[in-house]
């Protein structure tokens, strides 16, 4: 089986899913925008599990510190 690895060095805006944003992000229209440069990168969750190195939050996967 081939694994998928996501590499994000800095947090980027993500498309909002539902009415929440990942930890450290704030709502701006249809997007969740990082609050600061120290915000952990996040991606939309697809499926039940997050990629290695990420933890599950509602609708998102957020990078471990």
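Can you pull out every residue in the stretch 7-17 that is in a loop (DSSP other than H, G, I, E, B) and at pLDDT 90 or above? Once the filter is applied, which keeps residues that are in a loop (DSSP other than H, G, I, E, B) and at pLDDT 90 or above, the stretch 7-17 yields 12, 13, 16. Scan the stretch 21-62 for residues that are part of a loop (DSSP other than H, G, I, E, B), out of contact with any strand residue (DSSP E or B) (no Cβ under 8 Å at 6 or more places or on another chain) and more than 12 Å from residue 11 (Cα to Cα) and jot them down. 29, 46, 47, 48, 52, listed by residue number.
The values are calculated or read from the model by the stated rules, or taken from the named source; none is laboratory data. Note that the structure is a prediction, hence the values are computed from the model and not measured. Neighbour counts are summed over all protein chains in view; Cβ atoms, including those assigned to glycine, are modelled from backbone coordinates with ideal geometry.
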